[in-house]
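Values quoted throughout were computed directly from the atomic coordinates according to the rules given, and no laboratory measurement underlies them. Since we're looking at a predicted model, the values are computed, not measured. With ideal geometry, Cβ positions are generated from the backbone for all residues, glycine too; neighbour counts draw on all protein chains shown.
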Amino acid sequence: MERTLILVKVDGVQRRLVGKILSRFEAKGLKIAGLKFRQFAREVIEEHYGEHRDKPFFPNVVGFMTSGPVCAIVLEGPEAVSVCRKLIGQTQSREADPGTIRGDLGISRQFNLVHGSDSTESAEREIALWFQEDELVDYTLCDEQWLDD
Ligand code: CDP
Ligand code: MG
């Protein structure tokens, strides 16, 4: 079983899409292991996007992601990292495949609604950044045996 970090970004919250986006992941078969909603400190956002620190879009993405509340979610499931990246679609929403979250709900590159960890290493780092150990919940869903083999 794998865990990944998902963020419904500020644009997703402003567009009232938190429920719709979360339901796409739930419907796929992923399990919520952690969930919080708040306006996060600039330090958390800068650390989260640390790999992009030297890119020209870094100040914009940090400004945007600190401008309002974000919904942070830890999802669990078989190959959760790659499954979620596929569901999310590519960075430029205009080019994201229909059927993906960005492809269906967005038309922007910066304001692309949702973040998903890009590897198991990133997932581990990002989950530790956004959640304390005791904020993650271990439990069993009644249909779990029907969702993996
Ligand atoms: O989110 P994803 O992993 O698909 O893309 P990324 O390359 O890791 O970039 C992180 C985020 O920065 C994107 O999701 C966009 O919100 C933003 N970005 C941007 O505003 N302009 C770019 N040229 C590239 C990324
Ligand atoms: Mg990324």
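See the values below:
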quantity	calculated
Contact order normalised by residue count of segment 32-95, Cα under 8 Å, 6+ apart, percent	48
Cα gyration tensor shape of segment 70-149, rounded if a/c is under 1.5, else prolate or oblate by comparing a/b with b/c	oblate
Highest-MSF residue in the chain out of Ala33, Ala96, Ala128 [GNM, Cα springs under 10 Å]	Ala128
Span per principal axis, largest first, for the Cα atoms of segment 66-113 (Å)	29, 27, 13
Coordinate range along principal axes, alpha carbons of the chain, Å, largest first	45, 36, 26
Mean separation of Cα contacts under 8 Å, 6 or more apart, over the residue count of the chain: relative contact order %	36
Within the chain, helix-based [θ] at 222 nm, where runs of 4 or more DSSP H residues each add -39,500 (n - 2.57), nearest 500	-10000 deg cm²/dmol
Net charge dipole size for the chain [Lys, Arg +1 and Asp, Glu -1 on Cβ; Debye, nearest 20]	980
